[in-house]
Amino acid sequence: MNLKTKSAILGFGVLALAGCNTDMWRQPKQEPLDASEFYADGAANRPLVPNTIPRGYARQDDAYYVGAENGKWLDGLPAGIKVNLALLQRGRERYNIYCTPCHGQLGDGQGMIAHRGFTLKRPVGNYHTDRLMKMPAGHFYEVITNGYGAMFSYASRIEPQDRWAIVAYIRALQLSQSASPSDLKPEELQSLSAKNETHDRLAQK
Ligand code: HEC
């Protein structure tokens, strides 16, 4: 390739690059939050069309999303949530992650943060008081969603489905601290006392 050809190619390349134009950058447009003379309200941002909701946020089911129906807390879980072992295990897992630091593994309000003096004026709630034993399930859901007094909201960290799993597990915790032998079927009682005997025998060794 001689010098003439080389410089011709180079020259063509330079011309081609110079031909790139920047109209797309320079077009009239507004950046977010710019002022605008075009719209009557003087703002470039347009308000949302009234009554629009992001996809997946319609949340019309108050029982499920609020924990209350017709202004009353739900007494039990919303229809459609099945209480089974998987739900309770999920609830226990989430409870142990988010609630035990203050409420303790038993739900008696004796978590490590409580011991270190999280709130001196308002002690951490104890789920085994008479008042909370009788409290409808919807109240627990509400406390997780919106917080309560000195306790902050967990809505941004715990999805509604998991809030209900935690509520179910709290009910199990409450039962665990106040169950009496008469709550069990005779065969369950028998297998329990058999286990206890084994335990006692082992303990004596
Ligand atoms: C950082 C500490 C902390 C964590 C973590 C925490 N709580 Fe609480 N909780 C409190 C305190 C403090 C109170 C008492 C608030 C008050 O009376 O002002 C309370 C009160 C409560 C009550 C009682 C409400 C009533 O009617 O008296 C419930 C129920 C409850 N919490 C549930 C939960 C659940 C479920 C979680 C986990 C998702 C959780 N809390 C996590 C500190 C905490």
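Before moving on, here are some points about what is shown:
- Test result for Leu132, open to solvent by less than 30 Å² (accessible area, probe 1.4 Å) and either away from the ligand (no atom under 16 Å from the Cβ) or assigned to a helix (DSSP H, G or I) (or both): yes
- Comparison of Ala194, Ala168, Ala203 shows that the only residue that is closer than 22 Å to Arg92 by Cβ, open to solvent by less than 100 Å² (accessible area, probe 1.4 Å) and more than 8 Å from the ligand (Cβ to nearest atom) is Ala168.
- Tally of residues being near the ligand (Cβ under 8 Å from one of its atoms) and not basic (Lys, Arg) across the range 148-165: 7
- Odd one out for Leu85 among (1) within 12 Å of the ligand (Cβ to nearest atom); (2) surrounded by fewer than 10 Cβ atoms within 10 Å (Cβ to Cβ); (3) under 14 Å from Ala172 (Cα atoms): (1)
- Residue-level check: of (1) within 12 Å of the ligand (Cβ to nearest atom); (2) on the phi < 0 side of the Ramachandran plot; (3) touching a helix residue (DSSP H, G or I) at 6+ places or on another chain (Cβ under 9 Å), Gly67 misses just (2).
The values are calculated or read from the model by the stated rules, or taken from the named source; none is laboratory data. Since the model is a prediction, treat every value here as computed from it, not as a measurement. Note: ideal-geometry Cβ built from the backbone for every residue, glycine included; neighbour counts use all protein chains shown. When the accessible area is computed, the model is the full protein with side chains, heavy atoms only, and any ligands, DNA or RNA have been set aside. Shrake-Rupley method; radii C 1.70, N 1.55, O 1.52, S 1.80 Å.
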